[in-house]
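Working notes, beginning with the structure itself.
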Ligand code: AMP
């Protein structure tokens, strides 16, 4: 089963991705985590992206697309992919379709965790205290939200026409959201 978790920053995509990974013995594909690892390991890409990441800007499609290529085409991960934070632009969505087609895969479910701006601001302020992410201060959150509305929302509108697209109120308790996901998947 391949699943895309969609939603603004702070919607709870990472939390539900971890739930699904455990439940389905799947693999989380978090481009945010992959990019943070590049920075932590001080790689060539890490050096290139650090300032954009800290400022809450998107990383170039070419870089992100390249980083997920090996994961999607890895036979041991086939049909066990939980996308969290990818795709975030129409170009990334097109790339994902191509990569999946190439390896004879498809997306089974798209879950949109819908959360309003006020809740996001509150949640991310809490996360900053817990995780100390450099892109979690208020100014940067607002920028990330605007960028989401501008670049990622069109991807959402595109996917929302699919029969396997489901919207869930992301303002609910974590366990309730997981329960809704289970209901939609019928597992
Ligand atoms: P996240 O952990 O998903 O909130 O992502 C943190 C940051 O990583 C984002 O604000 C972007 O700077 C970058 N990032 C993560 N995923 C992507 C993506 N698919 N496309 C572009 N930038 C991304």
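Observations, loosely collected:
- Cβ-based exposure ranking for 5, 24, 98, in which fewest neighbours within 10 Å come first: 98, 24, 5
- Compactness of the chain, expressed as Rg and Dmax over alpha-carbon positions, Å: 15.7, 43
- Fewest-first ordering of 136, 33, 84, 157 by other beta carbons within 10 Å of each residue's beta carbon gives 157, 33, 136, 84.
- This ranking places 61, 182 by how few other beta-carbon atoms lie within 10 Å of each, fewest first, which gives 182, 61.
- Euclidean distance of C-alpha centroids, the stretch 123-187 and the stretch 9-68, integer Å: 15
- Cα-based equivalent ellipsoid, the stretch 29-71: semi-axes from gyration tensor eigenvalues, Å: 15, 12, 9
- A simple spin-label model places the labels of residue 91 and residue 44 1.9 nm from each other, with each point 7 Å out along Cα-to-Cβ.
- Fully extending the segment from residue 69 to residue 104 would add 11.2 nm, taking 0.36 nm per residue of separation and subtracting the current Cα-Cα distance.
- Mean residue ellipticity (222 nm) of the chain, computed from DSSP H runs ≥ 4 via -39,500 (n - 2.57), nearest 500: -17000 deg cm²/dmol
Rule-based calculations on the coordinates, nothing more; no lab input. On a predicted model such as this, the values are computed, not experimentally measured, just so you know. Backbone-built Cβ (ideal geometry, glycine too); neighbour counts: all protein chains shown.
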